[in-house]
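Data block below; observations after.
The values are calculated or read from the model by the stated rules, or taken from the named source; none is laboratory data. Remember, predicted model here, so these are calculated numbers, not experimental data. All Cβ positions, even for glycine, are placed from backbone atoms using ideal geometry, and neighbour counts span all protein chains on display.
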């Protein structure tokens, strides 16, 4: 199996297409089976020309792509780059191993089944049988309100599947909504790749937060509002706002200041895990509070019995979170499994150099632990990745999809 990438910073779209196609194809032994394109919003006025230019130089049976506010890929010197707010074009090509298949698909927003629909309705959208055990790469229109329905539907129809991806970004809304599928341009819906057979995707979802205090258990809630919580064993009933205030009072001065603007709630997704680790929480915004009742509103549905933990987010927390997840990933690797051949990175527009004050941080930290493999991707309006066995739309997150042979 081969997975290669080429990144161009040419200001001319023709020159950029020529460079990435020539550099990427030169790294492959034979014809590619799939292509993934990420194009900078700096080329927004020329998106309508991209597919024609690519088709004149490259033919693949499965192609998807989208626009991004920042583009990630391998420069001419071989080093990975995260380029923000400059012209850039990233092309990934792959030659799949024997026993692997790929199918590219486009799902218009008005074709989305109802969540009460049977699994076959979702299978018909993708065109791949669940028995093939596909994993998915999705690139979506950021204005698509049904994206949550789509990822839930795929989880339902394809139990055990992995879905990673991101919402297109950059420029005015008509430009930001652009996605590409098999040499056609679309300004709505979702495009995706279903990878099945002897190829798999291993996810790392770095939500960029660190926990503070100890976990709590929700005792009473109403939709997305926490009304009463207790300690992790269900003892010591308290009002969420009051418990939070007491927790903040125990923090050092720096964390107390950070809690004024970067405080989040982590919702544990595994009800049976005794010790909660990085990656076990779904991070959601604190939406508001009621000073009289002590209730807290969260950016997701909360139900009694769930465990929650308050989190803080800043550059240091983001770095620590990703480092812990990479160390965990490397520690759990089976040396008998095939080595990774490449990876995709879907990073929030709020990360990158603006967060770390350092360029290429997430991608190069990834290579430090996982190895010098090609990494490509873009900065997203929302990131797609699994937490606790279910796929979610995230914010402020870096989602890696690591590609390797399954067997």
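Quick look at the values:
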read-out: Those residues of region 3-32 which are in a loop (DSSP other than H, G, I, E, B) and crowded, with 21+ Cβ neighbours inside 10 Å, in sequence order; value: 32
read-out: Yes/no for residue 117 being in the same structural domain as residue 390 (by TED's automatic domain parsing), assigned to a loop (DSSP other than H, G, I, E, B) and free of Cβ contacts under 8 Å to residues at least 60 places away in the same chain; value: yes
read-out: Those residues of region 369-392 which are closer than 15 Å to residue 208 by Cβ and in a strand (DSSP E or B), in sequence order; value: 379, 380, 383, 385, 387, 392
read-out: Single residue of region 163-188 satisfying the filter (surrounded by fewer than 22 Cβ atoms within 10 Å (Cβ to Cβ) and in a loop (DSSP other than H, G, I, E, B)) that is farthest from the chain's Cα centre (by Cα); value: 183
read-out: Looking only at region 53-70, and only at residues there that are touching a residue at least 60 places away in the same chain (Cβ under 8 Å) and in a helix (DSSP H, G or I), the one that is nearest to the chain's Cα centre (by Cα); value: 54
read-out: Complete set of residues in region 77-89 that are touching a strand residue (DSSP E or B) at 6+ places or on another chain (Cβ under 8 Å) and in a loop (DSSP other than H, G, I, E, B); value: 85, 86, 87, 88
read-out: Filtered residue count, region 354-368, keeping only those that are surrounded by 15 or more Cβ atoms within 10 Å (Cβ to Cβ) and part of a helix (DSSP H, G or I); value: 9
read-out: Residue 402 within 19 Å of residue 1 (Cα to Cα) and part of a strand (DSSP E or B); value: yes
read-out: Residues (within 14 Å of residue 267 (Cα to Cα) and in contact with a helix residue (DSSP H, G or I) (Cβ under 8 Å, 6 or more places away or on another chain)) located in region 195-212; value: 207, 209, 210, 212
read-out: Any hit, region 249-256, residues being on the phi < 0 side of the Ramachandran plot, in contact (Cβ under 8 Å) with a residue 40 or more places away in the chain and either surrounded by 19 or more Cβ atoms within 10 Å (Cβ to Cβ) or under 27 Å from the mean Cα position of the chain (by Cα) (or both); value: no
read-out: Criterion: surrounded by 14 or more Cβ atoms within 10 Å (Cβ to Cβ), at pLDDT below 95 and not assigned by TED's automatic domain parsing to the domain that holds residue 170 - qualifying residue of 270, 290; value: 270
read-out: Some residue of region 356-374 being over 30 Å from residue 198 (Cα atoms), in the same structural domain as residue 37 (by TED's automatic domain parsing) and touching a strand residue (DSSP E or B) at 6+ places or on another chain (Cβ under 7 Å); value: yes
read-out: Elements of type strands (runs of 3 or more DSSP E) contained in region 271-317, each with 1 or more residues being in contact (Cβ under 8 Å) with a residue 12 or more places away in the chain, in contact with a helix residue (DSSP H, G or I) (Cβ under 6 Å, 6 or more places away or on another chain) and closer than 19 Å to residue 394 by Cβ; value: 307-312
read-out: Filter result (over 25 Å from residue 56 (Cα atoms) and in contact with a helix residue (DSSP H, G or I) (Cβ under 6 Å, 6 or more places away or on another chain)) within region 164-187; value: 169, 170, 171
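For (1) closer than 19 Å to residue 22 by Cα; (2) at pLDDT 95 or above; (3) outside the structural domain of residue 164 (by TED's automatic domain parsing); (4) crowded, with 24+ Cβ neighbours inside 10 Å, each residue gets a yes or a no:
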residue	(1), (2), (3), (4)
42	no, no, no, no
54	yes, yes, no, no
57	yes, yes, no, no
65	yes, yes, no, yes
95	yes, yes, no, no
100	no, yes, no, no
